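Everything below concerns the one structure shown next.
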Amino acid sequence: PIIAPPAIDQSRNALYVANDDGKLQCIDITSGTGTWDLLVGTEASGPVVGTDGVIYIGGGGKLSAVKPDGEAKWVFVPTMSGVVSTPAVTVDGYVYVLVVAGKKKLSLQTTDSLYAVNPDGTRRWACGLGEGMSDQDYPLSAPKLDASGFIYIGDGYRAWCVVGISAPAASPWPMFQRDAVNSGRAR
């Protein structure tokens, strides 16, 4: 089964989805057939798409960048291990992800961290956010970006606003539900 919200790249006629086996799959929108798949790891997040068509996805405790043809571009392994959120990509190619150590129902955990990853897959910075309270019945928050470069994230009963580097990428799907107003949400 599909376990996370998909991303769409209409310019490539592609739908990107993550399944329960930890695979990122590319599906041709017109025919409905799969064109490629790549193992990204357990607890895969929703994918997003950068301006160059690169797909970014969390899974297996890491962030993966995947070329539009399905070939791995780079893998970033955060210092803190845990569940990696759906990423968000900026106009400058930086990628933000939230990493949460564990998803235990309403119990305190170790420090949640927001990571900024450079376009080449190296760590730019990390920001400890304190101990969030995650509930396994709710999805892990994905970073949302606004035009001023602010990053908004939440975990359980806490929310943060962090000053970021730049605005969202001018790509088909730079963050969860496409943009800051969730225009990718089906109605």
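Some observations on this one:
- Some residue of the stretch 101-109 being at pLDDT 95 or above and not aromatic (Phe, Trp, Tyr): no
- Looking only at the stretch 17-43, and only at residues there that are open to solvent by less than 60 Å² (accessible area, probe 1.4 Å) and touching a residue at least 40 places away in the same chain (Cβ under 8 Å), the one that is farthest from residue 73 (Cα to Cα): 18
- If the condition is being open to solvent by 10 Å² or more (accessible area, probe 1.4 Å), in contact (Cβ under 8 Å) with a residue 40 or more places away in the chain and not in a loop (DSSP other than H, G, I, E, B), then the stretch 65-98 contributes 73, 74, 75, 76, 83.
- Taken over the stretch 14-43, the criterion of being in a loop (DSSP other than H, G, I, E, B) and of a type in the set (Gly, Ala, Ser) is satisfied by 22, 31, 32, 41.
- Qualifying positions in the stretch 44-59 - crowded, with 19+ Cβ neighbours inside 10 Å, assigned to a loop (DSSP other than H, G, I, E, B) and not hydroxyl-bearing (Ser, Thr, Tyr): 44, 46, 47, 50, 54
- Screening residue 9 against (1) in contact (Cβ under 8 Å) with a residue 60 or more places away in the chain; (2) open to solvent by less than 10 Å² (accessible area, probe 1.4 Å); (3) within 14 Å of the chain's Cα centre (by Cα) leaves a single unmet condition, (3).
The values are calculated or read from the model by the stated rules, or taken from the named source; none is laboratory data. Given the structure is predicted, the values throughout are model-derived calculations rather than measurements. Please note: Cβ atoms are built from the backbone with ideal geometry, for glycine as well, and neighbour counts cover all protein chains shown. Side chains are part of the model used for accessible areas, which takes the heavy atoms of the whole protein and leaves out ligands, DNA and RNA. Shrake-Rupley method; radii C 1.70, N 1.55, O 1.52, S 1.80 Å.
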